[in-house]
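K.L.:
One structure, pasted below without further comment.
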């Protein structure tokens with residue numbers, strides 16, 4: 001289709017296609033997919049699959065305000081809720097945005113969202129009660145920020161030069177998984193490998209009441225990860241250690257993290273955190289935000305130019321607050337979503 005909106009918001013769609021195969025498949029560029037409901041899938045295939053042409057992933061897509069609901073588990077793989085690319089597209093940049101989408105009760109396979117492309121921004125999405133994991137599987141230079149992960153296995157990271165910031169994780173097991181690579185694409189490994197994470201920033205996230213927090217699983221002959229920075233995250237209320245890291249890893253940087261009511265720092269070095277009450281309180285959105293006077297408020301005097309907004313879509317200004325929330329009087333541009341804001345019956349407005 002050649003229209004600006006692949007599916008116009010004035011004629012929203014509700015997908016419930018029976019049988020195997022994708023509900024919606026996109027190979028072309030410059031499409032917008034918005035205000036649709038993808039639901040009740042009990043077969044092989046994805047709700048939404050993004051492809052391209054040759055080795056180039058589809059470009060300049062905007063996928064927003066859609067509702068993905070009730071995807072039943074199937075044996076094997078190939079049943080992601082949203083698959084953005086394939087390994088053969090992974091070195092090409094999409095320059096696309098996936099934002100303000102709601103995912104609930106989706107469990108097609110172990111990967112919920114699988115990104116196999118470079119240069120994709122995924123922001124302000126809500127993933128709730130999904131037993132599958134959001135995975136940066138192949139590709140580089142993706143940005144994941146302002147997302148809400150609630151009662152789900154969180155985010156898993158492979159590839160290089162990703163920015164993961166200002167995300168909210170509650171009751172996740174685990175919250176953030178740093179991949180343990182089994183190959184290095186930059187050194188000639190196949191694109192299908194688990195590419196060693198290199199130069200990844202994991203910063204300004206809030207992790208609350210998670211059975212597991214920051215995890216790197218072991219791998220036989222694993223390559224670990226290199227030059228990963230884990231900075232200014234808040235981790236609160238967990239019987240598990242803050243970090244369980246297997247490695248081998250090189251040039252990890254831990255800085256300014258705040259721990260409170262956590263069993264231990266685990267594999268996070270003592271120089272990488274302080275123990276203090278960040279004064280988090282659940283607000284009218286149902287998520288934990290900072291109270292004035294928090295130890296996180298103004299804790300960061302070093303500029304992070306890539307970190308421009310917080311979990312509410314509010315601008316960050318120096319000095320920066322640790323964690324996903326920046327105390328602000330600016331208009332809230334994002335929050336944890338429900339069907340008031342996403343899906344075919346939603347109003348065409350941001351929260």
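K.L.:
For region 130-162, which positions are assigned to a strand (DSSP E or B) and under 10 Å from the mean Cα position of the chain (by Cα)?
P.N.:
Across region 130-162, the qualifying residues are 133, 134, 135, 136, 143, 144, 145, 148, 149, 155, 156, 157.
K.L.:
Restricting to region 14-37, name every residue that is touching a residue at least 60 places away in the same chain (Cβ under 8 Å) and in a loop (DSSP other than H, G, I, E, B).
P.N.:
Those that are touching a residue at least 60 places away in the same chain (Cβ under 8 Å) and in a loop (DSSP other than H, G, I, E, B): 35, 36.
K.L.:
Could I ask something else about it? Can you give me the number of residues within region 215-231 that are within 20 Å of residue 273 (Cα to Cα) and surrounded by fewer than 16 Cβ atoms within 10 Å (Cβ to Cβ)?
P.N.:
The total comes to 0.
K.L.:
Shifting gears a bit: Looking at region 273-303, which of its residues are more than 26 Å from residue 335 (Cα to Cα) and crowded, with 20+ Cβ neighbours inside 10 Å?
P.N.:
Once the filter is applied, which keeps residues that are more than 26 Å from residue 335 (Cα to Cα) and crowded, with 20+ Cβ neighbours inside 10 Å, region 273-303 yields only 273.
K.L.:
Still on this structure, please answer the following. Answer yes or no: is there a residue in region 331-347 that is farther than 19 Å from residue 101 by Cβ and surrounded by fewer than 16 Cβ atoms within 10 Å (Cβ to Cβ).
P.N.:
Within region 331-347 (the criterion being farther than 19 Å from residue 101 by Cβ and surrounded by fewer than 16 Cβ atoms within 10 Å (Cβ to Cβ)), the answer is yes, since at least one residue qualifies.
K.L.:
Every residue in region 10-19 that is modelled with pLDDT of 70 or more and either in contact with a helix residue (DSSP H, G or I) (Cβ under 6 Å, 6 or more places away or on another chain) or surrounded by 12 or more Cβ atoms within 10 Å (Cβ to Cβ) (or both), please.
P.N.:
14, 17
K.L.:
Here's something else I'd like to know. Collect the residues in region 293-340 that are more than 25 Å from residue 236 (Cβ to Cβ) and either touching a helix residue (DSSP H, G or I) at 6+ places or on another chain (Cβ under 7 Å) or at pLDDT 95 or above (or both), keeping them in residue-number order.
P.N.:
Selection gives 305, 331.
K.L.:
Just one of the numbered conditions (1) more than 15 Å from the chain's Cα centre (by Cα); (2) part of a loop (DSSP other than H, G, I, E, B); (3) surrounded by fewer than 24 Cβ atoms within 10 Å (Cβ to Cβ) is not true of residue 40; which one?
P.N.:
Condition (2) is where residue 40 drops out.
K.L.:
Would it be correct to say that residue 193 is part of a loop (DSSP other than H, G, I, E, B) and either at pLDDT below 95 or closer than 28 Å to residue 89 by Cβ (or both)?
P.N.:
Values: part of a loop (DSSP other than H, G, I, E, B): yes; either at pLDDT below 95 or closer than 28 Å to residue 89 by Cβ (or both): yes.
So residue 193 fits the description; yes.
K.L.:
Within region 54-66, count every residue that is in a strand (DSSP E or B) and either buried (at least 24 other Cβ atoms within 10 Å of the Cβ) or touching a helix residue (DSSP H, G or I) at 6+ places or on another chain (Cβ under 9 Å) (or both). Give the steps one after another, and end with the answer.
P.N.:
Taking region 54-66 and keeping what is in a strand (DSSP E or B), we get 56-57, 62-64.
Now restrict to residues that are either buried (at least 24 other Cβ atoms within 10 Å of the Cβ) or touching a helix residue (DSSP H, G or I) at 6+ places or on another chain (Cβ under 9 Å) (or both): 56-57, 63.
Residues meeting the conditions: 3.
K.L.:
Would region 80-96 turn up any residue that is out of contact with any strand residue (DSSP E or B) (no Cβ under 8 Å at 6 or more places or on another chain), surrounded by fewer than 24 Cβ atoms within 10 Å (Cβ to Cβ) and assigned to a helix (DSSP H, G or I)?
P.N.:
yes
K.L.:
I would also like to ask the following. Which pairs have Cβ atoms under 6 Å, sit 6 or more apart or on different chains, and link a residue in region 287-301 that is free of Cβ contacts under 8 Å to residues at least 40 places away in the same chain and on the phi < 0 side of the Ramachandran plot to one that is assigned to a loop (DSSP other than H, G, I, E, B) and crowded, with 22+ Cβ neighbours inside 10 Å?
P.N.:
So the pair list comes out as 289/325; 290/296; 290/325; 294/278; 295/278; 297/321.
K.L.:
On the basis of being surrounded by 24 or more Cβ atoms within 10 Å (Cβ to Cβ), in contact with a strand residue (DSSP E or B) (Cβ under 9 Å, 6 or more places away or on another chain) and at pLDDT 95 or above, does residue 159 make the cut? Walk me through how you get there before you give the answer.
P.N.:
Numbers: surrounded by 24 or more Cβ atoms within 10 Å (Cβ to Cβ): yes; in contact with a strand residue (DSSP E or B) (Cβ under 9 Å, 6 or more places away or on another chain): yes; at pLDDT 95 or above: yes.
Taking the combined requirement at face value, the residue satisfies it.
Table: residues versus (1) surrounded by fewer than 24 Cβ atoms within 10 Å (Cβ to Cβ); (2) under 22 Å from residue 306 (Cβ atoms); (3) free of Cβ contacts under 8 Å to residues at least 12 places away in the same chain; (4) out of contact with any strand residue (DSSP E or B) (no Cβ under 9 Å at 6 or more places or on another chain).
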residue	(1), (2), (3), (4)
144	no, yes, no, no
152	no, no, no, no
163	yes, yes, no, no
171	yes, no, no, no
176	no, yes, no, no
181	yes, no, no, no
197	no, yes, no, no
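K.L.:
Scan region 254-286 residue by residue and report those that are touching a helix residue (DSSP H, G or I) at 6+ places or on another chain (Cβ under 7 Å) and without any contact (Cβ under 8 Å) to a residue 40 or more places away in the chain. Quick ask: steps written out before the conclusion?
P.N.:
Residues of region 254-286 touching a helix residue (DSSP H, G or I) at 6+ places or on another chain (Cβ under 7 Å): 254-255, 257.
If the condition is that a residue be touching a helix residue (DSSP H, G or I) at 6+ places or on another chain (Cβ under 7 Å) and without any contact (Cβ under 8 Å) to a residue 40 or more places away in the chain, then 254, 255 are the ones that fit.
The values are calculated or read from the model by the stated rules, or taken from the named source; none is laboratory data. Predicted model, so just to flag it, every value in this text is computed and none were measured. Counting neighbours? That spans all protein chains shown, and the Cβs are built from the backbone with ideal geometry, glycine included.
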